[in-house]
Amino acid sequence: MPPMRVYEVATFYTMFNREPIGEHFVQVCTTTPCMLRGSTDILNTVCSHLGGIHPGETTKDGKFTVVEVECQGACSNAPMVVIGDDFYEDLTPESTKKILDAFASGSKPKPGPQSSRQTSENSAGLTTLTTEPYGPGEFCTPEFQ
């Protein structure tokens, strides 16, 4: 296989890193839904909290590498970051610092929404499926009940 074909794949897919990365790989989503919900503040918080590094850089101690990425698929819980294989969602600058501090101290914070939200429910609470669904056959003709 020509080396150029390998290079094309390695530079197209974000999961391939051409340089060594830190122990904790922090991927900050900055696509439109996250940007509208404050991902610029989250990216700035991450970079400043980790000693003023910039996206694409690793901290001097080799613990953190920060990159800016496209959609990670958790738009309803924006803004969010992926650290390792875990999603951290509904972030604020304060919750982002707590997450980074936990990793720096050797512990792993609970992934998922960092607000009171459960999974991907509407931030205002449930708006649909709020009653018990009807059972099978409830509205069928008598011969199918």
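The values are calculated or read from the model by the stated rules, or taken from the named source; none is laboratory data. Given the structure is predicted, the values throughout are model-derived calculations rather than measurements. Backbone-built Cβ (ideal geometry, glycine too); neighbour counts: all protein chains shown.
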Residues located in segment 2-37, provided they are of a type in the set (A, V, I, L, M), modelled with pLDDT under 90 and part of a loop (DSSP other than H, G, I, E, B): 15
Total residues in segment 9-56, condition of a type in the set (Asp, Glu), more than 18 Å from residue 94 (Cα to Cα) and surrounded by 13 or more Cβ atoms within 10 Å (Cβ to Cβ): 1
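For segment 69-121, enumerate the residues that are in contact with a Cys (Cβ under 8 Å, 6 or more places away or on another chain) and closer than 22 Å to residue 16 by Cβ.
69, 70, 71, 72, 74, 80, 81, 82 - these are the residues of segment 69-121 that are in contact with a Cys (Cβ under 8 Å, 6 or more places away or on another chain) and closer than 22 Å to residue 16 by Cβ.
Just one of 87, 103 is surrounded by 12 or more Cβ atoms within 10 Å (Cβ to Cβ) and touching a Lys or Arg at 6+ places or on another chain (Cβ under 9 Å); which is it?
Result: 103 is the single residue among 87, 103 that is surrounded by 12 or more Cβ atoms within 10 Å (Cβ to Cβ) and touching a Lys or Arg at 6+ places or on another chain (Cβ under 9 Å).
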Any hit, segment 45-53, residues being touching a residue at least 60 places away in the same chain (Cβ under 8 Å) and within 23 Å of residue 18 (Cα to Cα): no
